[in-house]
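The values are calculated or read from the model by the stated rules, or taken from the named source; none is laboratory data. Only a predicted model underlies this, so the values are computations on that prediction, with no experimental measurement involved. Here the Cβ positions follow ideal geometry from the backbone for every residue, glycine too, while neighbour counts run over all protein chains shown.
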Amino acid sequence: MALALTTAAIVLVALLWVLALPHLWHSLLPKLKLVPSRLLASSRVQLGASPAPLADLDPGRELRAEQRARALLRSCINEEEWAMYSELGFLRIWGALPERPAGARRDLIRLRRRARAPRAPRIEELVATPYAYLIYPNRPILAYVPHTGVVLGEYCIEFPDHTRPYGSSRLPDADDVLAKWVALTTEERALIEQANMHLPGRQIGLEDARRDILRLSCWERERLQSKGRTVPRAGSVPAR
Amino acid sequence: MKLLRVKPGHGDVVLAEGDVTVPEQQAQLLQAFRRELEAGMWAAVPTSADTGRREAELVRSFEDVPADAERVIFFPRAAGGER
């Protein structure tokens, strides 16, 4: 009788584990920055949440590739930027174009209308406010105004490797971030013109974007307090 | 100098490595460099400014690569993403 009950309990635990595993995977692993988004995407494929299958996926190989990519990224960007990426999961680059990226004028007009100051700021004044980009791995680049937290737009850009060594043209996450960092800091205008621009919220939810902007400002404040010095503009290599 | 290429499923791969002051090695580096550009890759050279800040520069020919550059990183050209 005891043996039968024990066996039944073991079987029950095993069944519950199998049922719970996909949910644990999705709820816990995204919080670990070391897990490439491609792996998470592939697990969604297994769950039927995404229609895009990935051929020849080897999680071990992807993890090794991601580790190499992170080492390369770390060796190329500044310490401040690396800390930002490794702790927050994205990188901030300041924009350097004399005019804002396309599509921003509408947001500026809206901002001006909403302004509660006795004299609403003029468009020219708002244009002078610095803007920045958030670089996410294998997701669109987000343009926003740090001063107000207003999200200006999404710029979808990819670096597809058509040789597809393992069936996918997508670079490891950190390599994708490195490619965007290089392209934005050297040829911002060309990159932005090449990207497909979308209104805010298309792929990166507005709430997520605002949360990340808030996380970034909290992160900078904490670093400022802990180091007791002026924080240089993180992501401080300006786009050119 | 090392020529590296980032690849899906690999991370960075060493394409060629050598001393640019040695003619034979420079020829190998040049050959590998041209092959990547012809394959449509972008070439970036990580640099450090005088202040110590790290930057990068895109180069379009082997002659543009600074003589003291340690690495040239090749990555696929940018293309507009999901519509």
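A few remarks follow.
- Scanning region A:166-174 finds no residues that are assigned to a helix (DSSP H, G or I), farther than 18 Å from residue A:137 by Cβ and among the hydrophobic types (A, V, I, L, M, F, W, C).
- Per the listing A:44, A:116, A:61, the residue uniquely part of a helix (DSSP H, G or I), modelled with pLDDT under 90, out of contact with any strand residue (DSSP E or B) (no Cβ under 7 Å at 6 or more places or on another chain) and not hydroxyl-bearing (Ser, Thr, Tyr) is A:44.
- Residue match in region B:34-44 (condition: away from chain A (no Cβ under 14 Å) and under 16 Å from residue B:76 (Cα atoms)): yes
- Residues in region A:183-194 that are facing chain B (nearest Cβ under 9 Å) and surrounded by fewer than 24 Cβ atoms within 10 Å (Cβ to Cβ): A:186, A:187, A:190, A:191, A:194.
- Sole residue being touching a residue at least 24 places away in the same chain (Cβ under 8 Å) and either at the interface with chain A (Cβ under 9 Å from one of its Cβ atoms) or of a type outside the set (A, V, I, L, M) (or both), chosen from B:15, B:30, B:4: B:4
- Here region A:152-167 is the region considered, the condition is being under 30 Å from residue A:220 (Cα atoms) and buried (at least 21 other Cβ atoms within 10 Å of the Cβ), and the residue that is farthest from the other protein chains (Cβ to nearest Cβ) is A:152.
- One residue from B:45, B:72, B:14, B:6 being in a strand (DSSP E or B), modelled with pLDDT of 95 or more and surrounded by fewer than 16 Cβ atoms within 10 Å (Cβ to Cβ): B:14
- Those residues of region B:56-83 which are more than 27 Å from residue A:204 (Cβ to Cβ) and at the interface with chain A (Cβ under 9 Å from one of its Cβ atoms), in sequence order: B:57, B:71
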